[in-house]
Amino acid sequence: MRILLMGPPGAGKGTQAVVLAERLGVPHISTGDIFRANVAGGTPLGVEAKRYMDAGEYVPDSVTNNMVRDRLTHDDARNGFLLDGYPRTLAQVGELDSMLADEGTALDRVVELTADTDEVVARLLNRALEQGRADDTEDVIRRRLEVYGEQTAPLTAVYAERGLLTQVDGMGAVDEVTGRILDELGV
Ligand code: ADP
């Protein structure tokens, strides 16, 4: 299965993605996680990405697209993957289409986790206290939500038009949300 998981920051994508990938037996590919690993390792990619991430802005496509293209060619992603955090822009949708076309494959489903804004801000502020992520301060959180609304929310219409989109309510207990997603995927 080739699945894309979408949703605003704080909707619980990362949490759900880990559980779902395990259930489906596919790798969880999170661009946010890959960027954070590079930041932690002090790689040139990490140094470049950090400037944008700390401000709540998207990392430039020139950096992100190559990183994803490379990751998708690893052996473990040949038979499926759960992509989390990519694509985030219309240009990235086109890039992903071309990456998959090169491999002769295509997406099976796009799952959008929905969440209300007050709830996601509260969750992210709470995560800031627990994990201390550099991009979880209130101002940066608001900026990330703004950027999501402007640049990423429109992507769901594209996938809906292709008949790939499933919307799942991301509010409630983690297990409940996982159950809803698995039901929708027919797993
Ligand atoms: P969240 O979904 O909580 O906002 P992520 O962990 O998915 O966070 O991503 C954190 C940051 O990494 C984003 O705010 C952005 O700066 C960068 N990033 C992740 N994925 C992409 C992408 N596809 N394109 C550009 N930037 C990205």
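Numbers for the structure displayed
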{"read-out": "Along principal axes, Cα extents of the chain, largest first, whole Å", "value": "40, 39, 28"}
{"read-out": "Solvent exposure ordering (accessible area, 1.4 Å, most first) of LYS13, LYS50", "value": "LYS50, LYS13"}
{"read-out": "Probe 1.4 Å - accessible area at MET1, Å² to nearest ten", "value": "80 Å²"}
{"read-out": "Cα-based Rg of region 65-109 normalised by 2.2 N^0.38 Å, two decimals", "value": "1.05"}
{"read-out": "Surface/4 of the Cα convex hull for region 112-154, nm²", "value": "3.1 nm²"}
{"read-out": "With every protein chain in place, the chain: carbon and sulfur % of accessible area (1.4 Å)", "value": "49 percent"}
{"read-out": "Bridge type composition, the chain - antiparallel percent by DSSP, nearest 5", "value": "0 percent"}
{"read-out": "Cα-based equivalent ellipsoid of region 84-127: semi-axis lengths in Å, sorted from largest, via gyration tensor", "value": "30, 11, 8"}
{"read-out": "Rounded to the nearest 10 Å², the accessible area of LEU145 at probe 1.4 Å", "value": "30 Å²"}
{"read-out": "Stokes-Einstein D for region 10-76, Kirkwood Rh over Cα pairs, 20 °C, 1.002 mPa s (µm²/s)", "value": "165 µm²/s"}
{"read-out": "Debye-sum result for region 42-131 in log10 I(q)/I(0), which assumes one identical scatterer on each alpha carbon, at q = 0.10, 0.16, 0.19, 0.26 Å⁻¹", "value": "-0.36, -0.87, -1.09, -1.31"}
{"read-out": "Value of [θ]222 nm, deg cm²/dmol, for the chain, DSSP H segments ≥ 4, -39500 (n - 2.57) each, nearest 500", "value": "-17000 deg cm²/dmol"}
{"read-out": "For the chain: relative contact order, % (alpha-carbon pairs under 8 angstrom, 6 or more apart)", "value": "34 percent"}
{"read-out": "Net dipole in debye of region 58-180 [+1 Lys, Arg Cβ; -1 Asp, Glu Cβ; about Cα centre; nearest 20]", "value": "120 debye"}
{"read-out": "Karplus-derived HN-Hα couplings along region 55-69 (A = 6.51, B = -1.76, C = 1.60, θ = phi - 60°), whole Hz, x at Gly and Pro", "value": "9, x, 8, 7, 5, x, 4, 4, 7, 5, 4, 5, 5, 6, 4"}
{"read-out": "Computed over region 124-187, Kirkwood Rh from alpha-carbon pairs, angstrom", "value": "14.2 Å"}
{"read-out": "Hull shadow area, averaged, region 74-184 [alpha-carbon convex hull, nm²]", "value": "8.4 nm²"}
{"read-out": "Protection-proxy order for peptides 101-107, 156-162, each taking the mean of Cβ atoms within 10 Å per residue, highest first", "value": "156-162, 101-107"}
{"read-out": "Residues whose placed amide H lies under 5 Å from that of MET6, excluding near-sequence neighbours", "value": "VAL111, GLU112, LEU113"}
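The values are calculated or read from the model by the stated rules, or taken from the named source; none is laboratory data. Remember, predicted model here, so these are calculated numbers, not experimental data. Positions of Cβ are backbone-derived with ideal geometry, glycine not excepted, and every protein chain shown enters the neighbour counts. When the accessible area is computed, the model is the full protein with side chains, heavy atoms only, and any ligands, DNA or RNA have been set aside. Shrake-Rupley method; radii C 1.70, N 1.55, O 1.52, S 1.80 Å.
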